Ligand SMILES: Cc1ncc(COP(=O)(O)O)c(C=O)c1O
């Protein structure tokens, strides 16, 4: 009988030099996702394929919402469409009771098409075409304004439909974190937020109903939220006493981190990322400290990645193995950075679909794009992988299937593992017709001979 | 490929390899050690691949890629 084959390896001993890469993070293998064998998923949906778990989404949402609403009585959540606006994903959020938070006319239309009533939409963002403002005001959406020009535009839109429309303002402020997101909304410290309110209250067609902020994304320090809540409540008080109005809602946006490993961080996310409860405590506790019960406004969170990121995976396949001239081991897989927008700032967790023997090496994972920038994972600690090995990259649920772009290949399927363990294709792979559909060839360019 | 260097290496059965010229040490697994032996016996790369295929449960494609990779690694470490 022949002996079992183990890939040959040789490794130089480097006594005393610490490995600066998170060794344990990328170790281990995984044969299934939420109970479904990886091979079944690729047989049914191909490779690469994004996989999303209904169960994990609902669990994550319920955990966050119940924790928040147990602490603060008028807790509300609105699904940040841009984080993941696949219909099936949004439908889960809406079944759970989340309204829709949109930042463009396209997202607004997508939410309406899915059956979300206009008055259950929060319309944010720095650019809102005037026609879309008219629709939003007409349908009773919550509209948070970003700048003085937009106040004027909103006034025109409300006038055009003969309405006195409720609006909110987005504010930004120093919460002690760097970089400060100061480009969205009106600044608090330099008084432009207060001046914006003045301008709105002077208008015949607008009146103020709420205050919105979103202090950043993937925030690692929950104290920033304490500071934000404190400052926004103080602004609310000042506005209410100055203009004799009552603010109906406060909205603290999103920004809670997920269990992803930011590039340049040393610690694995299990250590570096505080639990989501810590952030909700920061918001809810500060609200309860600052507010009297008779003045509780509705308080929205627009939590995106902290709900969906860990509910998503990408399965991809190793197509080639290559040792670079400097000795580094590298792999080419069938999914590139065009599909993986978040690869710019995350070092994904890499798991393999089988147990493999051999010496672990720091390896580079490249995509198929024929472009130098197509580095999917800069450093993964992996045993020698044969061609055909499936790599499971995660967390993948947030931002990728919205910010992905079609480039040289078709975008792949997105599958959902349903609560009962069955699987559904929630977005089929693209075809040539999907890609060339919008194109048109001028008559004189139609013929050529080669 | 310069195989003269191979003769000065101290290679233990457990896979520990010491290069007295540079003072560097290495570890290799059993398959790696087998390739060392075959290299020392002056076998060609093709011969090495066929020997491994006879001795182990593997395919020509796999062995071929792995032996090339292993030898590249030895070159990188200036062992051959
Ligand atoms: C206004 C607004 N709300 C909510 C979100 C969701 O943020 P996150 O995914 O960080 O929770 C974003 C994302 O940047 C946003 O801009």
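The values are calculated or read from the model by the stated rules, or taken from the named source; none is laboratory data. Keep in mind the model is a prediction, meaning the values are calculated, not measured. Note that we place each Cβ from the backbone using ideal geometry, even for glycine, and neighbour counts take in every protein chain shown.
Find the residue count for segment A:198-223, including only residues that are within 16 Å of the ligand (Cβ to nearest atom) and either farther than 30 Å from residue A:260 by Cα or outside any loop (DSSP other than H, G, I, E, B) (or both). Steps first, please.
Going residue by residue through segment A:198-223, those that are within 16 Å of the ligand (Cβ to nearest atom) are A:210-222.
Retained after the next criterion (residues that are either farther than 30 Å from residue A:260 by Cα or outside any loop (DSSP other than H, G, I, E, B) (or both)): A:210-212.
The qualifying residues number 3.
Could you check, for segment A:280-298, whether at least one of its residues is surrounded by 15 or more Cβ atoms within 10 Å (Cβ to Cβ), under 17 Å from the mean Cα position of the chain (by Cα) and not assigned by TED's automatic domain parsing to the domain that holds residue A:381?
Looking for residues that are surrounded by 15 or more Cβ atoms within 10 Å (Cβ to Cβ), under 17 Å from the mean Cα position of the chain (by Cα) and not assigned by TED's automatic domain parsing to the domain that holds residue A:381, one finds none in segment A:280-298, hence no.
Yes or no: residue A:269 free of Cβ contacts under 8 Å to residues at least 24 places away in the same chain and within 16 Å of the ligand (Cβ to nearest atom)?
Yes: the conditions hold for residue A:269.
Could you grab me the full set of residues in segment A:284-309 that are within 13 Å of the ligand (Cβ to nearest atom) and in contact with a strand residue (DSSP E or B) (Cβ under 7 Å, 6 or more places away or on another chain)?
Let us first name the residues in segment A:284-309 that are within 13 Å of the ligand (Cβ to nearest atom), namely A:300-309.
A:300, A:301, A:302, A:303, A:304, listed by residue number.
Kindly indicate whether residue A:341 is within 16 Å of the ligand (Cβ to nearest atom), touching a helix residue (DSSP H, G or I) at 6+ places or on another chain (Cβ under 9 Å) and outside the structural domain of residue A:58 (by TED's automatic domain parsing). Let's see the steps before the verdict.
Values: within 16 Å of the ligand (Cβ to nearest atom): yes; touching a helix residue (DSSP H, G or I) at 6+ places or on another chain (Cβ under 9 Å): yes; outside the structural domain of residue A:58 (by TED's automatic domain parsing): yes.
Spelling it out, residue A:341 is indeed within 16 Å of the ligand (Cβ to nearest atom), touching a helix residue (DSSP H, G or I) at 6+ places or on another chain (Cβ under 9 Å) and outside the structural domain of residue A:58 (by TED's automatic domain parsing).
Out of curiosity, is residue A:277 within 16 Å of residue A:71 (Cα to Cα), at pLDDT below 95 and surrounded by fewer than 22 Cβ atoms within 10 Å (Cβ to Cβ)? Let's see the steps before the verdict.
Numbers: within 16 Å of residue A:71 (Cα to Cα): yes; at pLDDT below 95: no; surrounded by fewer than 22 Cβ atoms within 10 Å (Cβ to Cβ): yes.
No; evaluated as a whole, the condition is false for this residue.
So, in segment B:42-65, of the ones that are in a helix (DSSP H, G or I) and in contact with a strand residue (DSSP E or B) (Cβ under 9 Å, 6 or more places away or on another chain), which residue ends up farthest from the other protein chains (Cβ to nearest Cβ)? Give the derivation first.
Taking segment B:42-65 as the starting set, the residues that turn out to be in a helix (DSSP H, G or I) are B:45-55, B:60-65.
Pick out the ones that are also in contact with a strand residue (DSSP E or B) (Cβ under 9 Å, 6 or more places away or on another chain) and you get B:55, B:63, B:65.
On the way: B:55: 6, B:63: 8, B:65: 6 Å.
This residue is B:63.
For segment A:370-384, which residues satisfy the criterion of being in a loop (DSSP other than H, G, I, E, B) and modelled with pLDDT under 95?
Within segment A:370-384, the subset in a loop (DSSP other than H, G, I, E, B) is A:370-374, A:383-384.
Scanning segment A:370-384 gives A:370, A:371, A:372, A:373, A:383, A:384.
Identify, please: which residue in segment A:72-91 is over 16 Å from the mean Cα position of the chain (by Cα) and within 16 Å of the ligand (Cβ to nearest atom) and is, among those, surrounded by the most Cβ atoms within 10 Å (Cβ to Cβ)?
Taking the candidates together, the pick is A:75.
Quick one: would you say residue A:233 is away from the ligand (no atom under 16 Å from the Cβ), under 17 Å from residue A:298 (Cα atoms) and away from chain B (no Cβ under 14 Å)? Give the derivation first.
Details: away from the ligand (no atom under 16 Å from the Cβ): yes; under 17 Å from residue A:298 (Cα atoms): yes; away from chain B (no Cβ under 14 Å): yes.
It is true that residue A:233 is away from the ligand (no atom under 16 Å from the Cβ), under 17 Å from residue A:298 (Cα atoms) and away from chain B (no Cβ under 14 Å).
Of the residues B:39, B:33, which single one is touching a strand residue (DSSP E or B) at 6+ places or on another chain (Cβ under 8 Å) and within 12 Å of chain A (Cβ to nearest Cβ)?
B:33
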